Amino acid sequence: MAFDKITAMAAPAGHSLTNSPGQWAWDSPPEIPDPDDAIDFVIDKLEEQQTHDSMMKMMLAGITIEELVSQIAFKGFMQGFFTPDVAELVKPAIAVYLMDQADKNGIEATVFMDRSSEGEEMDDVSFFRVLQDRNPKLYAGMVEQINEDHRMQEQKAVTKVEKEAMLDNSFIRAGE
């Protein structure tokens, strides 16, 4: 059995019971305990123009419906709107709603994340491909840094060759 560094640093069981209650949104009873009401609440929020436009942009950019639904459900729990079990129960309905909206807006949305490489080690080519798709700004910065490193190595090699050529022509070598 491998040693898990995180487990050793974890809070002991029952630690959360020592905190003062009400510190977090989920410490209180949920605002929406019924899954049907939670679905209506989430869909009402998704129909707001700014939220709707953001969702369509994200689906157009390639973010999967699965990822969007997971974030919506998690955020609803974190903000105290519903419990974790209600969050799980509303996921299919939210996914169907988002698929319908994508279809109505002419977006060919991806429903599920590609899990074909899950559990495998990610090679550098795959890493940079995902990075380029998901975080183009960081990707561009990394590519520029890699190119700068290559230019510096080339400059060092040229400088080394120039120094050796100077030594070949110097008076120190003349006596040999």
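Rule-based calculations on the coordinates, nothing more; no lab input. Being a predicted model, the structure only gives us computed values, none of them experimental. Every residue, glycine as well, gets a Cβ built from its backbone with ideal geometry; the counts of neighbours run over all protein chains shown.
Odds and ends about this structure:
- Listed values for segment 74-88 are Karplus-derived 3J(HN,Hα) couplings in whole Hz (6.51 cos²θ - 1.76 cosθ + 1.60, θ = phi - 60°), namely 5, 5, x, 5, 4, 8, x, 6, 8, 7, x, 6, 5, 4, 5, and x replaces Gly and Pro.
- Computed from the C-beta positions of residue 18 and residue 91 and an R0 of 41 Å, the FRET efficiency is 0.80 to the nearest 0.05.
- Extension gain, residue 27 to residue 103, is 23.5 nm, computed as 0.36 nm per intervening residue step minus the present C-alpha separation.
- Using θ = phi - 60° in the Karplus curve 6.51 cos²θ - 1.76 cosθ + 1.60, the 3J(HN,Hα) couplings for segment 133-148 round to 6, 8, 9, x, 5, 5, 4, 4, x, 5, 4, 5, 5, 5, 5, 4 Hz; x is entered for Gly and Pro.
- Both numbers refer to the Cα atoms of segment 25-104; Rg and Dmax are 12.3, 39 Å.
- All Cα-Cα separations within segment 124-171 were binned at 5 Å from zero, giving a P(r) of 5, 20, 15, 14, 10, 9, 9, 7, 6, 5, 2, 0, each value a whole percent of the pairs.
- Candidate lysines - alpha carbon under 30 Å from residue 75, same-chain residues fewer than 8 apart omitted: 5, 45, 57, 91, 104, 137
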